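Participant: Pasting a structure here, questions to come.
The values are calculated or read from the model by the stated rules, or taken from the named source; none is laboratory data. Just so you know, these numbers come straight off a predicted model, no measurement behind them. Glycine also receives a Cβ, built like all others from the backbone with ideal geometry; neighbour counts cover every protein chain displayed.
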Amino acid sequence: MTVDLGNQAVLRVRGEDTVSSSTRLSSDPFEIFLEAMLQVRLECHLWKAHFIHLSGHSLPEGTSADYRDVWDLMLAKWIPEYSPENYRRYAPLFDNALRDLRLRFDRLIVVFSRVLPRDVRKRMEKAIRQLDFAAASYRWIPARTHIEDPAVLFAARFKGVIRVLGLIARDADERLRTMVD
């Protein structure tokens, strides 16, 4: 089946052309761009929400005067201490959650390919590679305890993911702010 997303959609089903009365998904690139930036931003915050859920109620608080945003607060105060229990507790963040995030970033790159600025798309593609590395290297922590301090490796994985997602979320926030102000 092929679809032309021009003014008229043409569906090809089993060799027959059928003209659909549907029009483009949206005639306003501005609205599509806003939706794209919102989705990019929300994907980053979804990982953060998963992190908060796994942390329970033990996260230190901070005020907006102390930190630029929640990403800075996370870097400064929310990195958990390494222990075998914490390693197991946070494993879903680096396994399922990062794999899902990677798939959602891939989907956003495809779905919004016409409106995502090239630099945003490139940043997301780079983030996908960094998140893949973070997920793989998290799994290696127990095997590397005789080479490197697991506490250092554990903290580095969190910091790396938080920095990457913070960069993407802040960029999306700034683009949204400039577009709607």
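Participant: Within the group 136, 127, which residue is within 30 Å of residue 29 (Cβ to Cβ) and under 21 Å from the mean Cα position of the chain (by Cα)?
Facilitator: 127
Participant: Please verify whether residue 100 is within 24 Å of residue 28 (Cβ to Cβ), part of a helix (DSSP H, G or I) and not β-branched (Val, Ile, Thr), treating the condition exactly as stated. Give the steps one after another, and end with the answer.
Facilitator: Details: within 24 Å of residue 28 (Cβ to Cβ): no; part of a helix (DSSP H, G or I): yes; not β-branched (Val, Ile, Thr): yes.
Considered against the rule, which asks whether it is within 24 Å of residue 28 (Cβ to Cβ), part of a helix (DSSP H, G or I) and not β-branched (Val, Ile, Thr), residue 100 comes out as no.
Participant: Are any residues in the range 116-133 crowded, with 18+ Cβ neighbours inside 10 Å and either at pLDDT below 95 or outside any helix (DSSP H, G or I) (or both), and if so, which ones?
Facilitator: Of everything in the range 116-133, just one residue is crowded, with 18+ Cβ neighbours inside 10 Å and either at pLDDT below 95 or outside any helix (DSSP H, G or I) (or both), namely 116.
Per-residue answers, yes or no, for (1) among the β-branched types (Val, Ile, Thr); (2) over 27 Å from residue 81 (Cβ atoms):
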site	(1), (2)
107	no, yes
112	no, yes
142	no, no
152	yes, no
164	yes, no
178	yes, yes
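Participant: Within the range 103-115, track down each residue that is outside any helix (DSSP H, G or I) and touching a residue at least 24 places away in the same chain (Cβ under 8 Å).
Facilitator: Here is the first cut: in the range 103-115, the residues outside any helix (DSSP H, G or I) are 112-115.
Across the range 103-115, the qualifying residues are 112, 114, 115.
Participant: Further question: Just checking, does the range 141-149 include any residue being under 19 Å from the mean Cα position of the chain (by Cα), surrounded by 17 or more Cβ atoms within 10 Å (Cβ to Cβ) and on the phi < 0 side of the Ramachandran plot?
Facilitator: Within the range 141-149, the subset under 19 Å from the mean Cα position of the chain (by Cα) is none.
No, the range 141-149 contains no residue that is under 19 Å from the mean Cα position of the chain (by Cα), surrounded by 17 or more Cβ atoms within 10 Å (Cβ to Cβ) and on the phi < 0 side of the Ramachandran plot.
Participant: Separate question: Look through the range 150-166, keep the residues that are surrounded by 18 or more Cβ atoms within 10 Å (Cβ to Cβ) and aliphatic (A, V, I, L, M), and return whichever of them is farthest from residue 106 (Cα to Cα).
Facilitator: 153
Participant: Continuing with this model, one more query. For the subset of the range 43-74 comprising residues that are acidic (Asp, Glu) and more than 18 Å from the chain's Cα centre (by Cα), which member is modelled with the highest pLDDT? Before you say what the answer is, go through the steps one by one.
Facilitator: So in the range 43-74, the residues acidic (Asp, Glu) come out as 43, 61, 66, 69, 72.
Filter once more, so that each one left must be more than 18 Å from the chain's Cα centre (by Cα): 61, 66.
Numbers: 61: 78, 66: 85.
Restricting to residues being acidic (Asp, Glu) and more than 18 Å from the chain's Cα centre (by Cα), the top hit is 66.
Participant: Look through 82, 90 and report the one residue that is part of a loop (DSSP other than H, G, I, E, B), surrounded by 13 or more Cβ atoms within 10 Å (Cβ to Cβ), touching a helix residue (DSSP H, G or I) at 6+ places or on another chain (Cβ under 8 Å) and of a type in the set (Phe, Trp, Tyr).
Facilitator: Values: 90 fails: part of a loop (DSSP other than H, G, I, E, B).
Matching residue, one of 82, 90: 82.
Participant: Take residue 169 and decide whether it is out of contact with any Pro (no Cβ under 7 Å at 6 or more places or on another chain), in a helix (DSSP H, G or I), surrounded by 16 or more Cβ atoms within 10 Å (Cβ to Cβ) and of a type outside the set (Asp, Glu).
Facilitator: Working: out of contact with any Pro (no Cβ under 7 Å at 6 or more places or on another chain): yes; in a helix (DSSP H, G or I): yes; surrounded by 16 or more Cβ atoms within 10 Å (Cβ to Cβ): yes; of a type outside the set (Asp, Glu): yes.
Yes.
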